[in-house]
Amino acid sequence: MKTVMRFYTLLMVLIMVSCNKDKKENTEIRNADDEINQSDAKPKAEFLNENTQEVYQIYLTIKEGLVASKSDVVQSESKKLEVVIDTSKEKKQLKATSKLLSLTNDIKKQRDFFVTLTNEVEKLINTTEIKSGEVYKQFCPMAFDGEGGYWLSDSKAIRNPYFGDKMLKCGSVKQVWK
């Protein structure tokens, strides 16, 4: 009978320790999510061209989806982006890339397509004037097996879309448009 009581006591202690460990891990996960979404006071860039403004805002939401490794967000926002891009020759590649992003839920492929999306959005930004705020061109040298990858941001704070929480702050600001 004493052996059975010791067994139950030991089992209860293990359960209590295990439960406390789970609470700690959940807190760590929440803290990581907070850090992923954390940024400077965001000086939102405002463009003279309304369509560029809309494209840029959706682009930022796609980037945030990649930072948080949420392929469903990337997919749904890419569908929105595809709709707002006109069918002009200059925006053909931008529209095609947003279509590719919207068709896959594979986060790795989405990150691959995001490189092209960034290049195309950068071209668009270069064709219009910024009324206020800043756009930051950021770079991670570790992305794509050391080839590196660029992205655009509305904040100096680095939130890496190519690695998410694995290398959240890997990168630096390479250019600023005002």
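The values are calculated or read from the model by the stated rules, or taken from the named source; none is laboratory data. These numbers come from a predicted model, not from an experiment. Here Cβ is always computed from backbone atoms with ideal geometry, including for glycine, and neighbour counts include all displayed protein chains. Just the protein is used for accessible areas: all its heavy atoms, side chains included, with ligands, DNA and RNA removed. Shrake-Rupley method; radii C 1.70, N 1.55, O 1.52, S 1.80 Å.
Some notes on this structure:
- One residue from Lys99, Lys92 being surrounded by 15 or more Cβ atoms within 10 Å (Cβ to Cβ), part of a helix (DSSP H, G or I) and either more than 17 Å from the chain's Cα centre (by Cα) or modelled with pLDDT under 95 (or both): Lys99
- The set of residues from the stretch 48-70 being open to solvent by 30 Å² or more (accessible area, probe 1.4 Å) and assigned to a helix (DSSP H, G or I) comprises Glu50, Asn51, Gln53, Glu54, Gln57, Thr61, Glu64.
- Some residue of the stretch 40-47 being surrounded by fewer than 15 Cβ atoms within 10 Å (Cβ to Cβ), among the hydrophobic types (A, V, I, L, M, F, W, C) and within 25 Å of Gln175 (Cα to Cα): yes
- Cβ separations smaller than 6 Å between residues 6+ apart or across chains give the following pairs from the stretch 68-96 residues that are farther than 24 Å from Tyr162 by Cβ to residues that are open to solvent by 60 Å² or more (accessible area, probe 1.4 Å): Val84/Glu54.
- Ile125 in contact (Cβ under 8 Å) with a residue 24 or more places away in the chain, within 17 Å of Lys63 (Cα to Cα), surrounded by 20 or more Cβ atoms within 10 Å (Cβ to Cβ) and not charged (D, E, K, R): yes
- If the condition is being outside any strand (DSSP E or B), under 18 Å from Gly65 (Cβ atoms) and open to solvent by less than 30 Å² (accessible area, probe 1.4 Å), then the stretch 128-168 contributes Ala143, Asp154, Ser155, Ala157, Ile158, Arg159, Asn160, Pro161, Tyr162, Gly164, Leu168.
- Considering the stretch 169-178, and only residues there that are of a type outside the set (A, V, I, L, M, F, W, C), assigned to a strand (DSSP E or B) and out of contact with any Pro (no Cβ under 9 Å at 6 or more places or on another chain), the residue that is least open to solvent (accessible area, probe 1.4 Å) turns out to be Gln175.
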